[in-house]
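The values are calculated or read from the model by the stated rules, or taken from the named source; none is laboratory data. Computed from a predicted structure; not experimentally measured. Because the Cβ atoms are built from the backbone with ideal geometry, glycine has one as well, and the counts that use them run over all protein chains shown.
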Amino acid sequence: MSESSSEQGFSRRQFLKASGATSAVLGGAGVGLFGYAAGRDPNSYLGWQTYEGVNQYFNRSKWSVEEATYERVGPTSRPDARTENIFSRRGRLFRQYRERNPAKPEDLDDELLRAHYEKYPEDWELDVINMKEIMPKQRADDEEYGDRFYLSEAWSGAMMAVSPDRISEPPEVSDFPQAGRHGDPTEPLKMKSPELTAKLIKKIAHELGSTLVGIAKLNPDWVYLHPLRGRGFENVDEPLEVPKHWEYAIVVGTPMSWDPLYANPTYGTSMDAYARSRIVSARLAAFIKGLGYAARTHMPGNSYDLMVPPICVDAGIGEQGRHSVVITPELGCNFRPAIVTTNLPMKTDKPIDFGVQDFCKHCKICADNCPSGAITTGDKVDVRGYHRYLLNSSKCNNFWNSTLGSMGCRLCIAVCPYTRKANWLHRTALKVTTNDPTGLSGKVLTGLQESFYPGPDPQDYYIPSLGGQNATYREPPWWLKTEDFIDM
Ligand code: SF4
Ligand code: SF4
């Protein structure tokens, strides 16, 4: 130490220390900023491919014109859907053919059709060719060569299933293909192997919009002892005997919109992911029926015959956390699942263990932030023969029923350190914690989250009349700020 430097009160050692600390702070800040930027990157919004329409919707302003590019040249009129809509006209003509065999337009007793064909003789020619030649030949060739299109027919049938069928018959009826519906075959198609079938089903589930998909043998322990209403069971007091054809369970899952999720309670909603997963499962069930096998959807809000989380665990989707929600490597717990039970033989997935049980032992962030105290900070207990964390669903539901906006809560999902968008920081943290047998990195990460990303006091999430301040975990996204768009 030189005298002059010590006189100035700043030794070389101190200088080095200070520089090191400054670098660490700057480095940390850099990583933080980089991480923040990565989190804002639209590509980190893991989920369905068209999320936010980012990079898909071209900027149209440079092509903007005053006049549309169709040309208006004279007096306009509206089309007559009865004859100028091709499906409607050909349907009318088909009915005429069923009743009579018209050789020329004059033979038709449908005056509208007759008038149309007199005005447009070419339509008559083309419609007759379609009816008398093309369609019979198509049917004949379909018999001979149509097999190769089984999958495309099932796929198309799945796309038609835009809203889930109401279940009004018992599973022995409702779960099976019905002849005539979307061309369902009456006999199961012969699949080449369970491995290939699993590969196909997963690809179809992703194509239908599912982010997650896994397959498990259905453990009867997860099926309700008595059925819920509205699922085709006449008497809900009669025990539900697990149907033999509920052999496999396919889990599909989609995330809730990220930014509203972080702004719970209660700018977020489960309904977005509910709806997506419902549609995926309805379509997947229709696809499976299109292969001639039984399929039944179990979907949110409350249309289930079984408990979903343990089936997600069996299917390798994730592990159940302290808050009882399933945590996945990709989406954390930000997803809403639906299930299709089926007798379609498939290779099943194995459960996964990426360290959640150990992590949850020490991390109690969800329990500490839960406004209702529904999540235990204690140990697992035995429930119906399984050792698990027990959620107090009555406390949770009481809080749900007290909230405003889109209602519900989902805070435990938002605060869980696993629920992060797919940026490099999250992926790195995941890699580090899953490969660290000491559990130390998990503790460090939990500590960092608690220090740098604290939430409001749990009591503040309550409505004012229950002593709170309508607090949210994070700011709502701009497009949900009512006050910026609507005069109040
Ligand atoms: S949803 Fe809210 S009230 Fe319910 S357990 Fe999670 S944090 Fe607690
Ligand atoms: S917040 Fe922590 S304790 Fe709760 S489920 Fe997530 S990882 Fe487990």
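The residues listed here are 221, 237; of these, the one that is farther than 21 Å from residue 284 by Cβ and not in a loop (DSSP other than H, G, I, E, B) is 221. Would you confirm whether any residue within the range 164-184 is among the hydroxyl-bearing types (Ser, Thr, Tyr) and either free of Cβ contacts under 8 Å to residues at least 24 places away in the same chain or closer than 24 Å to residue 336 by Cα (or both)? No, the range 164-184 has no match at all. If I ask for residues that are surrounded by fewer than 22 Cβ atoms within 10 Å (Cβ to Cβ), away from ligand 2 (no atom under 16 Å from the Cβ) and not in a loop (DSSP other than H, G, I, E, B), which ones from the range 311-330 would you list? 314 - this is the single residue of the range 311-330 that is surrounded by fewer than 22 Cβ atoms within 10 Å (Cβ to Cβ), away from ligand 2 (no atom under 16 Å from the Cβ) and not in a loop (DSSP other than H, G, I, E, B). Please work out if residue 378 is more than 25 Å from residue 280 (Cβ to Cβ), of a type in the set (Gly, Ala, Ser) and away from ligand 2 (no atom under 16 Å from the Cβ). Taking the combined requirement at face value, the residue does not satisfy it. Counting the residues of the range 441-462 that are touching a residue at least 24 places away in the same chain (Cβ under 8 Å), of a type outside the set (Gly, Ala, Ser) and surrounded by 14 or more Cβ atoms within 10 Å (Cβ to Cβ) gives 8.
Can you tell me which residues in the range 331-382 are of a type in the set (Lys, Arg) and either outside the structural domain of residue 318 (by TED's automatic domain parsing) or not in a helix (DSSP H, G or I) (or both)?
336, 347, 350, 364, 380, listed by residue number.
With the structure loaded, tell me whether residue 376 is out of contact with any helix residue (DSSP H, G or I) (no Cβ under 6 Å at 6 or more places or on another chain), within 13 Å of ligand 1 (Cβ to nearest atom), at pLDDT 95 or above and not small (Gly, Ala, Ser) or whether it fails that test. So residue 376 passes the test. Checking each residue in the range 357-368 for being away from ligand 1 (no atom under 16 Å from the Cβ) and crowded, with 24+ Cβ neighbours inside 10 Å picks out only 359.
Please count how many residues of the range 258-308 are part of a loop (DSSP other than H, G, I, E, B) and in contact (Cβ under 8 Å) with a residue 60 or more places away in the chain. Matching residues across the range 258-308 total 16.
Taking into account only those residues within the range 406-427 that are of a type in the set (D, E, K, R) and either away from ligand 2 (no atom under 13 Å from the Cβ) or under 16 Å from residue 320 (Cβ atoms) (or both), which is farthest from the chain's Cα centre (by Cα)?
Restricting to residues being of a type in the set (D, E, K, R) and either away from ligand 2 (no atom under 13 Å from the Cβ) or under 16 Å from residue 320 (Cβ atoms) (or both), the top hit is 427.
Quick check: anything in the range 232-249 touching a helix residue (DSSP H, G or I) at 6+ places or on another chain (Cβ under 6 Å), surrounded by 21 or more Cβ atoms within 10 Å (Cβ to Cβ) and within 24 Å of residue 173 (Cβ to Cβ)? Scanning the range 232-249, I find at least one residue that is touching a helix residue (DSSP H, G or I) at 6+ places or on another chain (Cβ under 6 Å), surrounded by 21 or more Cβ atoms within 10 Å (Cβ to Cβ) and within 24 Å of residue 173 (Cβ to Cβ), so the answer is yes. Scanning the range 85-100 turns up one or more residues that are of a type outside the set (A, V, I, L, M), modelled with pLDDT under 90 and over 49 Å from the mean Cα position of the chain (by Cα).
As a summary of the residue check, residue 387 satisfies the conditions (1) surrounded by fewer than 23 Cβ atoms within 10 Å (Cβ to Cβ); (2) more than 16 Å from ligand 1 (Cβ to nearest atom); (3) in contact (Cβ under 8 Å) with a residue 24 or more places away in the chain except for the one numbered (3).
Where helices (runs of 4 or more DSSP H) fall wholly inside the range 392-440, the ranges with 3 or more residues that are touching a residue at least 40 places away in the same chain (Cβ under 8 Å), near ligand 1 (Cβ under 10 Å from one of its atoms) and assigned by TED's automatic domain parsing to the domain that holds residue 261 are 411-415.
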